[in-house]
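What follows is a set of notes on a single structure, which appears directly below.
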Ligand code: ATP
Ligand code: CA
Ligand code: CA
């Protein structure tokens, strides 16, 4: 199967108890919140529910291997959000908690957050800072409204916001630590290969992933690339005029919301699945004879069937590339705006101040939210273009 990033978090792993407690808390909290859905009221947005777990258990919480406290934020709101995102409540619980195994992503960011994948890689748990948690709570209503009004939004899907409070020993002292975390979607379908991945902010300041030429020889080496790599490779999001218009309209609405909420430092995470490469890879794995007619699409994991009008998210959350004439081409893009809980805080203001002394604001990453949004939008808008299908130019079978 495809190579997945991450280490199994099983018993004995340093973070096993934290992960175990997170999942135990989610399991109990989410299954408790299962009655009839009532229209949300302002109280639901502020509401929190605390649960205390220990070895003995009680009438409210089952016994747990470790003692810890769990806090669930706005459970009814997140329940409705999950429904809006089309999640099945039972599936959600099973994916997250059927067995206590998660995979920990190897230090993806600088922020110190931990990332865990659910067993089936559909969901990601991200630990967040207190300030990010405050920000999400404060703007939950605005987020909820935006999701409701924009079914095609690219802003990260949040499924739950929780806190675990547990004793952690540090330098021979036991301290009670509060760990805030949220559950979100894995933007990439677990069974599809992402041939290239970009994390784009619209800034060039330090935004490059250095490629180790030795490692690059290995096909499986696919680091997350950044803005400078994007520019160097002259990459494009290939959309015809129709898709381009719809995509940029939504992007604009999304960044306008983020600017209004004083958020910055987010990125567009973009995974590219190349159907041609996927087919080649399949062929390598299936050396015996031709693939039955009509089956080739299916083997690359892309649904076959009637051609539906191209729109957002028709390929398991992905958008298919198209050419100047709005014809489908062979890439599928998985896009989302991630890491969108950073408030333009004092710290960032300070950073802007320091950097503005010696650098042009265009290349600096920490700029005020409105400028950040404009720069982000422009970068992406400049990157979307309906190119003639260059990848076919050398291929005599495909007409120009
Ligand atoms: P920093 O603040 O240093 O940018 P962070 O700890 O806040 O880092 P993120 O920016 O949220 O982390 O994510 C880091 C990386 O993890 C992303 O570049 C991406 O590769 C992966 N990632 C994050 N969220 C998702 C998601 N929803 N789906 C798939 N991959 C994700
Ligand atoms: Ca980030
Ligand atoms: Ca971050």
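Each reported figure results from applying straightforward, stated rules to the coordinates on display, with no laboratory input. The structure displayed is predicted, hence computed values, not measured ones. Neighbour counts are summed over all protein chains in view; Cβ atoms, including those assigned to glycine, are modelled from backbone coordinates with ideal geometry.
Tabulated results
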{"item": "All-pairs alpha carbon distance profile, region 7-185, 10 Å steps from 0, percent", "result": "9, 38, 39, 13, 2, 0"}
{"item": "Per-residue Cβ neighbour rank within 10 angstrom, fewest leading, 321, 34", "result": "34, 321"}
{"item": "Residues of region 111-125 with amide N under 14 Å of the 7 Å Cα→Cβ point at residue 131", "result": "111-113"}
{"item": "Relative contact order, percent, region 7-185 [alpha-carbon distance under 8 Å, six or more residues apart]", "result": "23"}
{"item": "Difference of contour (0.36 nm per residue) and Cα-Cα distance, residue 191 to residue 34", "result": "53.5 nm"}
{"item": "Length gained when the stretch residue 345-residue 208 is fully extended (0.36 nm per residue, less Cα-Cα span)", "result": "46.8 nm"}
